[in-house]
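Heads up, the thing below is written out as structure tokens.
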Amino acid sequence: MEETLIPLNDNSAKAAKSPSRSNSFGSDKDISLHEDGEDNTLDYRIHAKHGQNAKTLSLWHDISLSHIDADTGKQTEYYNFVCEIPKFTRKKYEIATDEEFTPIKQDEKKGKLREFKKGDIFFNYGCFPQTWEDPTFVHPDAEGCRGDNDPLDVCEIGARIVKCGGIRPVKILGILMMIDEGEADWKLITIDKDDKWAPFMNDINDVDEQMPGMLDAIREWYRTYKIPDGKPPNTFGLDEKFMNKAYALEIMAECNHAWKELISGEKVRKMGDNNGHTEEVKKLVRKLSTNSLAALGTNLDEHDFPDTGDDDDAPAF
């Protein structure tokens, strides 16, 4: 008997309200990627450029978290995923958060370029722009661990292989709380809005129903991927459960708010001298905040950072 797939009702994912005017870019329209330096070297960088004038953009700061329809200019129910590591590859590319315009580079350790020794990753891996896991904040579900000082990590489980630096609109499905060497390292589970399975997936339970074994495989990949480097397995909070879409949106809202404080300099002003944070953490935040302001440059005043919206189902970022 032939199986018939019927799209689920997605009443929990109402489109968020239209955003205020912003200097951020809401989609990949007119954005191109430019390579600087030679591949497989420490100098290799991927920069995002916009328009005929090839204005350099920051993939972390200048791409909006919420996806904007390029034709209508209206905010959609989707979110912009920036791919750092395409599926079926192993080079450990990442946004260089401490460099001007935050290009993508291949991570290095002691002068050597890093790859996943475990092998190729089997999903598109990257981050959400305009988010930041605050290293001075301990989430109550994070086993007492502070944020990892990076944008929120994203696993995109669709069929498309997204190129390094590519920007794709995705649906939020859920989230996993991973503990990575004593730091909170949330993993968002998403699917490309144009993937053939996207109409049938609207929350984390749908992933188990439509792609049995996928979530377990993702968890085990993250648990074991550092073992070939001689490190112990990673651990997970929340009884190793993948939390649902509503929970994931709460974490996204928190990290979007943290990013706003970082790039405005408000975070540094709040830290003070006697708030219990180590000097090492303070230096990390100050350096990141300074470089973030430099990346935004004179356009900072043109950015509009609205508070999270009052839609009960889908926060507006």
Near pairs, Cβ below 9 angstrom, 6+ apart or cross-chain, from region 15-36 (closer than 15 Å to GLN130 by Cβ) to any residue that is open to solvent by 70 Å² or more (accessible area, probe 1.4 Å) and at pLDDT 95 or above: PRO19/LYS74
Strands (runs of 3 or more DSSP E) contained entirely in region 17-89, each with at least 1 residues that are in contact with a strand residue (DSSP E or B) (Cβ under 9 Å, 6 or more places away or on another chain), among the aromatic types (Phe, Trp, Tyr) and open to solvent by less than 30 Å² (accessible area, probe 1.4 Å): 75-85
Which listed residue is small (Gly, Ala, Ser) and either touching a helix residue (DSSP H, G or I) at 6+ places or on another chain (Cβ under 6 Å) or under 30 Å from LYS110 (Cβ atoms) (or both), from SER58, SER32: SER58
Inter-residue pairs, beta-carbon under 8 Å, first free of Cβ contacts under 8 Å to residues at least 60 places away in the same chain and in region 151-173, second of a type in the set (Phe, Trp, Tyr) and in a strand (DSSP E or B), 6+ apart: ASP153/TYR125; ASP153/TRP186
Residues that are open to solvent by 10 Å² or more (accessible area, probe 1.4 Å), modelled with pLDDT of 95 or more and small (Gly, Ala, Ser), drawn from region 169-215: GLY213
Of all residues making up region 229-251, the number that are over 17 Å from ILE179 (Cβ atoms) and open to solvent by less than 30 Å² (accessible area, probe 1.4 Å): 3
Matching option when the condition is assigned to a strand (DSSP E or B), farther than 21 Å from PHE81 by Cβ and within 20 Å of the chain's Cα centre (by Cα), among ILE189, ILE179: ILE179
Unmet criterion (only one of (1) more than 16 Å from the chain's Cα centre (by Cα); (2) surrounded by 21 or more Cβ atoms within 10 Å (Cβ to Cβ); (3) in a loop (DSSP other than H, G, I, E, B); (4) not aromatic (Phe, Trp, Tyr)) for ASP134: (1)
Residue in region 144-162 that is nearest to PHE123 (Cα to Cα), counting only those that are assigned to a loop (DSSP other than H, G, I, E, B) and of a type in the set (A, V, I, L, M, F, W, C): ILE157
Any chance TYR125 is of a type outside the set (D, E, K, R) and under 13 Å from the mean Cα position of the chain (by Cα): yes
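The values are calculated or read from the model by the stated rules, or taken from the named source; none is laboratory data. These numbers were taken from a predicted model, which means no experiment stands behind them. Ideal geometry is used to build each Cβ from the backbone, glycine not excepted, and the neighbour counts take in all protein chains shown. SASA here: full protein model, heavy atoms, side chains in, ligands and nucleic acids out. Shrake-Rupley method; radii C 1.70, N 1.55, O 1.52, S 1.80 Å.
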